[in-house]
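Below: the structure, in structure tokens.
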Amino acid sequence: MSPTPAGRGASASERIETSTPSFGSPGLDTGAGRPARPTGSRPTGGRGRTAAWAVTLGVLLAASVVVAVTIGPAGLAPADVIASVAAHLGLGEPTLTPLRDGIVWELRMPRVLTAAAVGAGLALCGAVMQALTRNPLADPYLLGLSSGASVGAVVVIVLGVGLLLPFAAFAGALAALAATLALAGAAGRGGVGGTTGGLTPTRTVLAGLAVSSVFGALTSLVIFWSATGDSYREILNWLLGSLAGTDWVSVAIAGGALLVIGIPLIASARTLDAFAFGDAAASALGVHVGRSRMLLLGGTALLTGALVAVSGSIGFVGLILPHAVRLLVGSRHRALLPLSALAGALFLVWADTAARTLFDPRELPVGIITALVGGPVFAVLLMRRRVS
């Protein structure tokens with residue numbers, strides 16, 4: 001059956017809503033060779049189940065933020081956290097000593113909120129990247145963003161101007177994005193792919209791998225040539241991902257980027273559903289494939305760059321959380337995107353809490369925790385879903 005023409009708006013919308021294929025089906029061209037299981041074949045009540053999961057994850061996230069702030073060498077109670085927050089929001093009188101209030105408001109709360117924002121953003125970007133590239137192994141760093149940010153961060157650390165690290169990391173991520181898109185566009189110039197202007201998923205992924213390799217080599221060269229002593233330790237912590245030292249400025253950067261860019265990404269759910277059928281089908285369903293892909297890639301890159309600037313490179317969050325959420329609600333992006341964000345926030349809050357408390361007084365980079373947890377979890381998901 002040929003795709004529904006773009007002019008029949010209601011039919012196209014219904015087709016996207018009820019027939020979005022999941023990973024491993026021919027509609028995503030993953031080579032699995034199994035018939036697609038349309039989401040429309042799931043039991044009725046899908047919207048109610050999505051709402052139930054959203055409420056559950058939201059409540060768990062709010063409770064986790066409060067409980068995570070209480071965990072640490074200085075024992076605090078949830079009531080202390082609530083009282084401190086209420087006082088700073090002007091909803092009550094201060095009841096804690098200045099020391100305990102400072103622990104809550106100046107040290108732990110910014111770190112926990114930054115973890116939540118970074119986790120939500122990375123999981124959201126991972127879900128978008130997997131849809132755009134039709135690649136179940138895609139993650140937010142697919143376009144070389146992490147390697148580009150690493151170059152900027154390492155350079156300013158070596159130069160001793162660590163205050164500029166967020167700006168340098170963000171600039172490096174944007175430079176990597178520009179290089180990846182330029183290379184992908186140049187590779188497609190004059191070839192097939194007129195509907196996308198040469199920016200196909202395969203070319204984009206391959207260009208990202210090339211750019212990532214070059215920027216990774218530059219990072220290694222700078223470390224080998226210049227890093228010593230404390231700068232070497234600081235570089236290592238950043239490359240492994242760490243939320244140590246985050247403050248309210250970090251919350252503003254990560255949270256602001258999540259709101260400004262994340263909300264439009266979530267609003268693009270129908271477009272991403274159309275991409276699941278392939279570029280030709282998406283175009284027939286009324287999607288301007290080239291422009292939409294460029295805007296969505298640019299949005300995920302900007303959001304990832306802002307997150308990496310405050311947290312370093314934290315792996316596996318954007319890879320495993322979208323897959324886990326698909327097991328709960330299926331592949332429709334209207335449910336997948338917001339629930340992935342909530343799940344990513346919840347996951348990283350507890351991963352960072354473990355990183356700062358398991359080996360107290362020593363602190364692990366949170367990227368080690370996410371890798372230790374994410375690797376086995378993804379292996380289980382891989383065997384269960386038979387992702388190819």
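The values are calculated or read from the model by the stated rules, or taken from the named source; none is laboratory data. Remember, predicted model here, so these are calculated numbers, not experimental data. Cβ placement follows ideal geometry from the backbone for every residue including glycine, while neighbour counts extend to all protein chains displayed. Side chains included, ligands, DNA and RNA excluded: accessible areas come from the protein's heavy atoms. Shrake-Rupley method; radii C 1.70, N 1.55, O 1.52, S 1.80 Å.
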>> Tally up the residues in region 295-305 that are touching a residue at least 40 places away in the same chain (Cβ under 8 Å) and either open to solvent by 10 Å² or more (accessible area, probe 1.4 Å) or part of a loop (DSSP other than H, G, I, E, B) (or both), please.
In response: 4
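Rundown of residues vs (1) in contact with a Phe, Trp or Tyr (Cβ under 8 Å, 6 or more places away or on another chain); (2) on the phi < 0 side of the Ramachandran plot, yes/no style:
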residue	(1), (2)
Pro73	no, yes
Ala86	no, yes
Pro98	no, yes
Met109	no, yes
Leu113	no, yes
Gly119	yes, yes
Ala131	yes, yes
Arg134	yes, no
Ala153	yes, yes
>> Between Arg334, Arg326, Arg291, which is assigned to a helix (DSSP H, G or I), basic (Lys, Arg) and free of Cβ contacts under 8 Å to residues at least 40 places away in the same chain?
In response: Arg291
> Tally time: how many residues in region 307-323 are crowded, with 24+ Cβ neighbours inside 10 Å and assigned to a helix (DSSP H, G or I)?
Replying inline: 11
>> Among (1) in contact (Cβ under 8 Å) with a residue 40 or more places away in the chain; (2) buried (at least 19 other Cβ atoms within 10 Å of the Cβ), there is one condition Ala282 misses while meeting the rest; what is its number?
In response: (1)
> Taking region 235-256 as the search range and keeping residues that are under 12 Å from Glu363 (Cβ atoms) and assigned to a helix (DSSP H, G or I), which one is modelled with the lowest pLDDT?
Replying inline: Asn237
> Which condition breaks for Ile103 when tested against (1) surrounded by fewer than 18 Cβ atoms within 10 Å (Cβ to Cβ); (2) closer than 24 Å to Ala254 by Cα; (3) free of Cβ contacts under 8 Å to residues at least 40 places away in the same chain?
Replying inline: (1)
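So which residues in region 207-234 are assigned to a helix (DSSP H, G or I), within 25 Å of Ala179 (Cβ to Cβ) and either of a type in the set (S, T, N, Q) or open to solvent by less than 30 Å² (accessible area, probe 1.4 Å) (or both), if there are any at all?
Of all residues in region 207-234, those assigned to a helix (DSSP H, G or I) come to 207-226, 229-234.
Those still in the list that are within 25 Å of Ala179 (Cβ to Cβ) too: 207-226.
Residues satisfying the conditions are Ala207, Gly208, Val211, Ser212, Ser213, Gly216, Thr219, Ser220, Ser226.
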>> From the list Leu91, Leu60, exactly one residue is open to solvent by 80 Å² or more (accessible area, probe 1.4 Å) and in a loop (DSSP other than H, G, I, E, B). Which is it?
In response: Leu91
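Considering only region 254-303, state which residues are among the β-branched types (Val, Ile, Thr) and closer than 17 Å to Leu337 by Cα. Outline the logic, then answer.
Filtering region 254-303 for residues among the β-branched types (Val, Ile, Thr) gives 260-261, 263, 266, 271, 287, 289, 300.
Hits for region 254-303 are Val260, Ile261, Ile263, Ile266, Thr271, Thr300.
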> So, in region 173-186, of the ones that are open to solvent by 10 Å² or more (accessible area, probe 1.4 Å) and farther than 19 Å from Thr200 by Cβ, which residue ends up farthest from the chain's Cα centre (by Cα)?
Replying inline: Ala175
